[in-house]
Amino acid sequence: MKPKERMEIPRQHPKELPVEERITNFNEIVQGYDDDTAMTEANRCLQCKKPWCIKGCPIQNDIPGFIKLLTEGDIEAAYWTIRKTSSLPAICSRVCPHEFQCEGHCVRGKKGEPVAIGMLERYISDWMLANRPDKIIEPCAIPKEKRVAIVGTGPAGMTVAYNLAREGYRCTMFDNLPVLGGMLRIGIPAYRLPREVIDTEFHALKSCGVEIVSNITIGKDKTLKDLEEEGFSAIFIGVGAQESRKLDIPGEDMEGVMHGVDFLRRFNLGEDIRLGDRVVIVGGGNVAIDCARTALRTGSKDVFIIYRRTEKEMPASETEIRQMKEEGVDIRFLVAPVAIHGSSGKLESIECIQMELGEPDESGRRSPVPIKGSNFTIQADSVIPAVSQRVETTVCNGVDLKLTQWGTLDVNPETLQTNIPYIFAGGDDVLGPKTVAKAAYQGRIAAKSIMDFLEGRL
Ligand SMILES: Cc1cc2nc3c(=O)[nH]c(=O)nc-3n(C[C@H](O)[C@H](O)[C@H](O)COP(=O)(O)OP(=O)(O)OC[C@H]3O[C@@H](n4cnc5c(N)ncnc54)[C@H](O)[C@@H]3O)c2cc1C
Ligand code: SF4
């Protein structure tokens with residue numbers, strides 16, 4: 001096919017569950033491509049000599065490479081091309097913010113819509129799960145003697161386990177929760193990431209000999225030092241950024257205020273949470289949107305998001321903003337919280353102030369500035385502040401690990417080794433709250449460094 005013909009093919013948009021159906025359940029909203037649609041979309045790729053898409057992908061997947069194999073009908077080879085760099089293709093293809101990563105760099109996006117790289121990756125991964133379920137990871141090497149402990153079963157820990165187990169290292173993963181996957185399972189809602197997709201990855205890890213110990217808090221039930229004394233030659237810390245940042249406004253400790261990741265964690269662990277009819281969420285990122293849409297699905301009627309900047313500055317993806325609006329969430333832009341009011345310790349309303357945009361700050365975004373005297377209140381049954389997370393450092397108890405001034409784990413940026421040579425760290429506990437692909441990338445780097453350390457090369 002000539003480039004001109006490829007340019008004439010419009011982007012293939014996936015089917016989505018109708019709004020009235022999806023707000024009643026947690027079924028996956030975006031449907032995968034069928035065979036013909038995948039082929040049509042794959043043929044839009046220009047196979048650029050300088051593929052910018054790869055530069056935008058945090059784990060540098062060979063995007064034109066797997067798309068070419070797909071157009072040739074060799075889906076299995078396309079899958080293994082992705083697997084060379086990706087430990088979690090079925091997951092990343094669903095949840096990566098593609099418009100800010102690979103698709104945001106695709107040349108076709110300059111004069112129209114980029115190639116739907118995420119949807120093609122998802123098609124290939126789902127095809128493998130459906131047609132070659134026993135072959136989604138490579139055969140593992142003969143087990144070696146050396147044992148590695150991995151603290152945290154989120155994408156960073158999963159990637160370390162994936163890379164080390166394939167080489168025969170004996171890995172044991174520890175997690176303080178009864179469920180596996182970190183924020184993939186207790187943060188990201190099932191309507192964006194079905195739980196079977198996460199389960200399949202753990203099934204594959206277990207079949208490669210990875211052991212998993214749940215319900216154990218490292219730093220409390222046992223320390224990293226204990227793990228070393230038990231015979232683990234190296235340890236990876238991937239405990240994420242689990243603690244909600246506070247708004248630091250009066251009334252934040254009232255009954256009826258629940259912070260974003262706490263709400264999602266409790267809900268995803270099966271707690272029956274009733275937020276009431278009117279819910280106000282504070283924030284403009286993924287977590288805020290996931291809270292709003294989860295609140296709707298658990299029966300709240302009037303769900304508002306207040307965000308202190310404008311829609312243009314919202315860090316959440318366009319698709320999620322669109323879907324959230326379709327579902328009836330009301331977003332109030334240029335609004336910031338001032339105080340939470342109530343009586344007898346129980347919340348009744350949130351006081352807000354109108355903002356305007358001033359000069360750009362160090363992130364390049366224009367800073368919101370309060371407009372004097374513009375205060376107003378919104379009645380609420382629940383308020384959910386969802387304005388970011390920080391690292392919870394229980395894991396460090398009993399060992400002298402260095403932290404940065406931001407409270408993240410201090411590591412050598414090239415090797416991800418901490419100040420204690422046998423301990424490595426990566427993912428959100430090093431980067432601060434970021435993305436699945438960035439956590440997975442650090443997992444890959446850490447696994448390589450751990451192998452170098454175990455083999456005396458580091
Ligand atoms: C609501 C929400 C939505 C998100 N949506 C997206 C998205 O759409 N796309 C995207 O790319 N990213 C998204 N993210 C971010 C992404 O989920 C994280 O960047 C990623 O999961 C970080 O991976 P991690 O392995 O570093 O840590 P985590 O996924 O946080 O996993 C850490 C694990 O360690 C466990 N742990 C913590 N302390 C201990 C201890 N002391 N002992 C034992 N275990 C411990 C935790 O319980 C957890 O299971 C979202 C995050 C949230 C909260
Ligand atoms: S930049 Fe876009 S068109 Fe070019 S190789 Fe990547 S996906 Fe294909």
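Has the stretch 280-297 got any residue that is farther than 27 Å from Gln242 by Cβ and either in contact with a Cys (Cβ under 9 Å, 6 or more places away or on another chain) or at pLDDT 95 or above (or both)?
The answer is no; no qualifying residue exists.
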Practice prompt. Identify all residues within the stretch 328-359 that are over 26 Å from the mean Cα position of the chain (by Cα) and of a type in the set (D, E, K, R); write none if there are none.
Written response: Lys346, Glu348, Glu351, Glu356, Glu359
Practice prompt. Scan the stretch 264-286 and give yes if some residue there is touching a Leu at 6+ places or on another chain (Cβ under 8 Å) and either buried (at least 22 other Cβ atoms within 10 Å of the Cβ) or part of a loop (DSSP other than H, G, I, E, B) (or both), otherwise no.
Written response: yes
Worksheet entry | Residues that are exposed (fewer than 15 other Cβ atoms within 10 Å of the Cβ) and within 8 Å of ligand 1 (Cβ to nearest atom), drawn from the stretch 179-220 | Ile216, Lys220
Worksheet item: Which condition number does Gly432 fail, the rest of (1) more than 30 Å from Leu296 (Cα to Cα); (2) within 12 Å of ligand 1 (Cβ to nearest atom) being met?
Response: (1)
Worksheet item: Can you find even one residue in the stretch 21-33 that is of a type in the set (Gly, Ala, Ser) and part of a loop (DSSP other than H, G, I, E, B)?
Response: yes
Fill in: Of the criteria (1) touching a Gly at 6+ places or on another chain (Cβ under 7 Å); (2) surrounded by 16 or more Cβ atoms within 10 Å (Cβ to Cβ); (3) of a type outside the set (Val, Ile, Thr), which one Glu252 fails
(1)
Discussion item. Pull out all pairs, ordered by first then second residue, where Cβ-Cβ is under 9 Å, the residues are six or more apart or on different chains, the first lies in the stretch 226-243 and is at positive phi, and the second is of a type in the set (Lys, Arg) and more than 10 Å from ligand 1 (Cβ to nearest atom).
Written reply: Gly231/Arg147
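Out of curiosity, is Val115 hydrophobic (A, V, I, L, M, F, W, C), crowded, with 24+ Cβ neighbours inside 10 Å and within 23 Å of the chain's Cα centre (by Cα)?
So Val115 passes the test.
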Worksheet entry | Answer residue from the stretch 197-222, given it is touching a helix residue (DSSP H, G or I) at 6+ places or on another chain (Cβ under 9 Å) and among the hydroxyl-bearing types (Ser, Thr, Tyr) and is nearest to Lys146 (Cα to Cα) among those | Ser207
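For the stretch 337-346, state whether one or more residues are closer than 18 Å to Gly187 by Cβ, buried (at least 17 other Cβ atoms within 10 Å of the Cβ) and in contact (Cβ under 8 Å) with a residue 24 or more places away in the chain.
Within the stretch 337-346, not a single residue is closer than 18 Å to Gly187 by Cβ, buried (at least 17 other Cβ atoms within 10 Å of the Cβ) and in contact (Cβ under 8 Å) with a residue 24 or more places away in the chain.
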Worksheet entry | Hits in the stretch 61-84 (condition: assigned to a loop (DSSP other than H, G, I, E, B), free of Cβ contacts under 8 Å to residues at least 40 places away in the same chain and either closer than 21 Å to Ala316 by Cβ or not charged (D, E, K, R) (or both)) | Gly73
Discussion item. Need the failing condition index for Ile384 against (1) out of contact with any Cys (no Cβ under 7 Å at 6 or more places or on another chain); (2) modelled with pLDDT of 95 or more; (3) in the same structural domain as Ser300 (by TED's automatic domain parsing), just the number.
Written reply: (1)
Item to complete: Considering (1) of a type outside the set (Asp, Glu); (2) more than 23 Å from Gly426 (Cα to Cα); (3) over 19 Å from the mean Cα position of the chain (by Cα), say which one Ala292 fails and leave the rest.
Response: (3)
Worksheet item: Here are some conditions: (1) assigned to a strand (DSSP E or B); (2) of a type outside the set (Ser, Thr, Tyr); (3) modelled with pLDDT of 95 or more. Gly398 meets all but one. Which one does it not meet?
Response: (1)
Discussion item. If the requirement is being at pLDDT below 95 and acidic (Asp, Glu), which of these qualifies: Glu252, Glu313?
Written reply: Glu313
Item to complete: May I ask you to list the residues in the stretch 426-442 that are assigned to a helix (DSSP H, G or I), farther than 19 Å from Leu164 by Cβ and free of Cβ contacts under 8 Å to residues at least 24 places away in the same chain?
Response: Leu431
Worksheet item: Of all the residues that make up the stretch 368-395, how many are surrounded by 14 or more Cβ atoms within 10 Å (Cβ to Cβ), touching a residue at least 40 places away in the same chain (Cβ under 8 Å) and assigned to a strand (DSSP E or B)?
Response: 8
Fill in: Pick from the stretch 94-129, criterion at pLDDT 95 or above and basic (Lys, Arg), ranking: nearest to ligand 2 (Cβ to nearest atom)
Arg108
Discussion item. Looking at the stretch 101-113, I want the residues that are touching a residue at least 60 places away in the same chain (Cβ under 8 Å) and have a partner that is within 16 Å of ligand 1 (Cβ to nearest atom) with Cβ atoms under 9 Å, at least 6 apart or on another chain. Which pairs are those?
Written reply: Gln101/Gly56; Gln101/Cys57; Gln101/Pro58; Gln101/Ile117; Gln101/Gly118; Gln101/Thr435; Gln101/Ala437; Glu113/Glu103
Worksheet entry | Any hit, the stretch 415-425, residues being assigned to a helix (DSSP H, G or I), within 10 Å of ligand 1 (Cβ to nearest atom) and not assigned by TED's automatic domain parsing to the domain that holds His259 | no
Fill in: Of residues in the stretch 209-226 being assigned to a loop (DSSP other than H, G, I, E, B) and within 24 Å of the chain's Cα centre (by Cα), the one nearest to Thr394 (Cα to Cα)
Thr217
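The values are calculated or read from the model by the stated rules, or taken from the named source; none is laboratory data. Being a predicted model, the structure only gives us computed values, none of them experimental. Because the Cβ atoms are built from the backbone with ideal geometry, glycine has one as well, and the counts that use them run over all protein chains shown.
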